[in-house]
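Below is one structure, written out as structure tokens; the observations come after it.
The values are calculated or read from the model by the stated rules, or taken from the named source; none is laboratory data. All of these numbers come straight from a predicted model, not from anything done at the bench. So basically every Cβ, Gly included, is an ideal-geometry build from the backbone, and we count neighbours across all protein chains shown. To get the accessible areas, we keep the full protein, side chains included, count just its heavy atoms, and leave off ligands, DNA and RNA. Shrake-Rupley method; radii C 1.70, N 1.55, O 1.52, S 1.80 Å.
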Amino acid sequence: MSILSRALSIFYPPTSPKSSQPLRFGILGAAAIAPIALILAARSSPEAEVVLVGARNLDKAQKYAKKWGVPRAVKGWEAVLQDEEVDVVYNPLPNGLHYEWTIKALLAGKHVLLEKPATDTAEEAERIFALARERGLLVLEAFHYRFHPAVQKLKQILDSGELGRLQHLTAHMTVPRGLIGGPGDIRWNLSLGGGAGMDMGCYATNAVRYLSGREPTEVLRAEPVLYGPAEPKVDRRMEFTFLFPPGEGEERGPEAECVVDLARPWAWGVWPGMPEMFLHAKGEKGEVSMNNFVMPFFYHSISVRSPTGKRTERGYTFGKDGKGESWWTTYRYQLEAFVDKVTGKDPQTWVTGEDTVGNMKAVEMVYEKKVAHDRLSSLPPQPPPTMVHLRVYAGTSVQNLSLIPVNTNTWVDISSPQFEGRVAVQLKGYIGPRGEKPQSKYFERPDRKGKTWSVAFQGRFLEEISADDLMFGNIFDRPIILPWGTSAVMSFMSLVDPTLTHDLYAPRPWALSPAISSFPFLSHARGSSLPEERHPSEVLGEGGWELPAVIRGLGGGGSGWSTPRSGTSTPRSGYASGRSTPKLGNGVLPGSGTATPRKGLEGAQERKAWYKEAENRRAVILGPEDIITGDFCHSFLSFPDLCLALPGGLKFDLKRYWDGQPVRFVCMRRPAKGVDPQDGQVFWVVQLEIVEDVAEVRHEAEEAEKEKEEDDDDEFEDAEAGEEDITGGFRGRRKEVN
Ligand SMILES: NC(=O)C1=CN([C@@H]2O[C@H](COP(=O)(O)OP(=O)(O)OC[C@H]3O[C@@H](n4cnc5c(N)ncnc54)[C@H](OP(=O)(O)O)[C@@H]3O)[C@@H](O)[C@H]2O)C=CC1
Ligand SMILES: O=C1OC[C@@H](O)[C@H](O)[C@H]1O
């Protein structure tokens with residue numbers, strides 16, 4: 001097909017009859033890019049249809065709709081989101097509005113085709129994809145060039161190894177002044193996410209990441225040229241060089257040199273010159289370059305020099321087995337993939353959320369290297385990362401709490417008519433109310449590698465309780481501000497702990513699990529009184545000191561948590577009726593007679609798996625002679641910056657969601673049906689509070705310090721004085737908290 005006939009089909013594509021249920025798109029804004037990027041592409045697709053455009057000015061929307069054959073026009077962008085006929089929102093708003101309107105579209109239940117660059121910052125992109133996952137919706141950053149056969153051909157040449165180890169990449173995108181972005185254009189507007197590094201830089205960044213298949217580790221150089229007096233902080237041009245990590249057996253990874261310019265000065269002031277849009281890759285055995293990589297559908301060529309000689313390749317289709325016509329634009333291929341993905345078919349290719357976040361991270365790195373302008377974000381301004389000071393309390397109930405020391409590796413006694421025991425709290429990086437920073441040996445334990453916090457207890461329940469009813473978790477006094485992605489986080493948590501139950505949206509939110517199936521470390525021993533006190537980190541293991549007879553009537557010896565056996569002893573009314581044959585262990589299944597050796601649950605995984613079943617939990621009755629030691633320790637919280645870090649790179653600064661209410665851990669009896677967990681029977685509580693009046697506390701401490709010289713018995717001082725005291729010295733001066 002000649003360039004001319006291809007151009008004709010690109011601008012006047014054949015109109016396809018629509019299927020019975022095409023995907024219906026609504027456009028935000030009468031955007032200049034939408035006709036080529038979506039409207040014309042949808043014309044030839046039986047599975048996609050543009051049904052609506054919304055613009056701030058209704059007249060503009062109507063004229064635009066008429067010109068481009070869009071059936072309906074509405075005033076405003078919100079009306080597009082709320083339109084029932086719309087399945088997918090196309091968001092070609094200025095960059096600085098991408099985040100807000102994509103989030104709104106997702107909240108309105110729409111999939112989103114989102115123009116590049118996806119957002120102002122990587123964090124915004126992460127939030128978008130977290131919300132999309134949570135809502136089961138699709139978001140695609142419209143890096144349309146990636147869907148074209150020619151670009152994929154270039155990638156295949158590199159991946160085939162024929163050019164040897166990748167040494168260097170170049171991506172150029174420059175256009176002469178006057179071609180795009182006249183005065184007042186969104187690209188020159190800082191508050192709308194303007195700048196060459198964002199507009200074209202995101203393409204160059206995307207291309208070199210895609211071709212190298214790696215994420216840059218460093219920006220070696222970034223040189224902006226600013227737009228000028230009208231927008232003195234916006235970059236008109238940006239030159240930047242990424243360093244990528246070395247591949248296997250390499251000492252140094254490839255570098256990628258990128259140059260983007262939205263208004264290149266004319267040569268000698270008279271000759272505009274041609275737009276430059278090319279990619280080049282040099283390997284140790286050859287090189288390849290591609291021109292017009294962003295719009296290869298008009299024309300392109302891929303020139304290869306390899307050990308087998310020189311050649312030129314082109315690719316307008318995926319061949320006879322792939323979908324597409326030689327006049328299909330990058331946007332048309334992209335639309336095909338989008339429709340396939342939404343309708344559950346396998347798209348030919350995809351740009352994942354992870355890829356988008358990686359791209360935004362790299363764009364951020366460029367701006368951070370040489371700050372062309374203040375980085376703007378659509379998110380509210382963030383306070384500088386503050387290190388929080390924490391007060392930690394413990395007690396037998398929410399109403400009966402006392403300040404306790406942290407990181408002292410000593411127990412704090414807790415006693416009530418229902419529970420006799422002790423608790424200990426360790427927080428890695430903890431800063432106390434007065435700025436003190438005790439460090440705990442606990443985190444040096446090999447079996448606590450990577451852990452950042454621990455709430456441990458040891459004790460006995462003075463009234464019988466089934467393991468199904470012994471719950472541990474969080475309760476809150478009033479609604480909590482939940483970060484984006486909370487539901488995704490909770491789905492993940494439910495995978496980690498399938499016994500977790502929660503209602504985080506309740507007026508008094510809560511999240512509780514049976515301790516037996518959720519504690520990372522838990523041990524059991526028999527005894528009529530608490531064991532001689534030993535430092536928590538000496539006893540917080542899995543298993544037990546001696547063999548428990550957890551199931552009443554079974555008796556027996558062994559070690560660790562026992563699996564209940566079938567056919568033994570009289571079931572306890574209300575609890576033990578659902579006893580079943582355990583399936584765990586390595587062939588030592590409990591038999592019907594007492595002679596069968598008991599099989600202990602060897603480790604935490606086995607314990608958790610076995611007690612995932614409610615009937616197995618109900619079979620375990622704990623009474624005053626069962627001593628339980630447990631350690632609820634994890635790594636997803638960091639101190640003292642108070643962030644929540646989740647697998648997949650999601651990180652939430654919890655301080656931003658802090659509304660002044662404490663974070664409370666409770667060990668309690670499972671509340672009866674219909675009873676608010678807040679009103680249940682509590683055995684012990686550990687509570688964390690951010691110190692908001694740090695200066696005041698410091699002042700008080702200084703005063704107390706002075707007084708201390710006169711009075712050595714200052715009680716508060718005593719309570720905090722046991723830092724790093726693993727010799728037991730603290731214990732004699734401990735403040736009792738019951
Ligand atoms: N994929 C691709 O090939 C291309 C992608 N793009 C991307 O698409 C997006 C839009 O680019 P483009 O179509 O050139 O942009 P436009 O200048 O056409 O603006 C798009 C829409 O944004 C709204 N808008 C414009 N100016 C302002 C403002 N000052 N304040 C608030 N809203 C404003 C208008 O909505 P309304 O009509 O309601 O007034 C307008 O229709 C950008 O993110 C850009 O990076 C751009 C070009 C190519
Ligand atoms: O494809 C493009 O080329 C020109 C740019 O200004 C535009 O935003 C970009 O997407």
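Tabulated values for the structure
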{"item": "Mean shadow area of region 175-223, taken as a quarter of the surface of its Cα convex hull (nm²)", "result": "4.6"}
{"item": "Order by protection proxy (mean Cβ within 10 Å, highest first), peptides 157-166, 92-101", "result": "92-101, 157-166"}
{"item": "Modelled FRET efficiency - R0 30 Å, ARG311 with ARG252, Cβ distances, 0.05 increments", "result": "0.55"}
{"item": "For GLY193, residues with placed amide H under 5 Å, excluding near neighbours", "result": "GLY96"}
{"item": "PHE318 long-range amide H proximity, modeled H, under 5 Å", "result": "none"}
{"item": "Accessible heavy-atom area order of TYR442, TYR505, TYR203, highest first, probe of 1.4 Å", "result": "TYR505, TYR203, TYR442"}
{"item": "Largest-first ellipsoid semi-axes for region 258-403, taking √(5λ) over the Cα gyration tensor eigenvalues, angstrom", "result": "48, 27, 17"}
{"item": "Solvent exposure, largest accessible area first (probe 1.4 Å, DNA, RNA and ligands not counted), of ARG146, ARG237", "result": "ARG237, ARG146"}
{"item": "Accessible surface, region 3-142, averaged per residue in Å² (probe 1.4 Å)", "result": "39"}
{"item": "Cut-off under 5 Å, modelled amide H: who pairs with LEU470 long-range", "result": "ALA515, ARG670"}
{"item": "FRET efficiency for VAL270 and GLN156, using Cβ-Cβ distance with R0 set to 51 Å, rounded to 0.05", "result": "0.75"}
{"item": "For region 222-310, alpha-carbon Rg and Dmax in angstrom", "result": "17.2, 53"}
{"item": "Cα pair distances in region 3-142, grouped into 5 Å bins until the bin that holds the longest one, percent each", "result": "2, 11, 20, 22, 20, 14, 8, 3, 1, 0"}
{"item": "Label-point separation, MET1 to ARG177 (7 Å along Cα→Cβ), nm", "result": "3.8"}
{"item": "Residue list for region 446-472, given a label point 7 angstrom along the Cα-to-Cβ vector of THR501 and an amide N cut-off under 12 Å", "result": "468-472"}
{"item": "For region 201-240, alpha-carbon Rg relative to the globular expectation (2.2 N^0.38 Å, N residues)", "result": "1.43"}
{"item": "Label-point separation, LYS612 to PHE298 (7 Å along Cα→Cβ), nm", "result": "5.7"}
{"item": "Most to least accessible of LYS341, LYS285, LYS66 (protein chains only, probe 1.4 Å)", "result": "LYS66, LYS285, LYS341"}
{"item": "Entries in LYS116/LYS369; LYS104/LYS233; LYS361/LYS655; LYS612/LYS655; LYS116/LYS310 that, when Cα-Cα distance is taken, lie over 31 Å", "result": "LYS612/LYS655; LYS116/LYS310"}
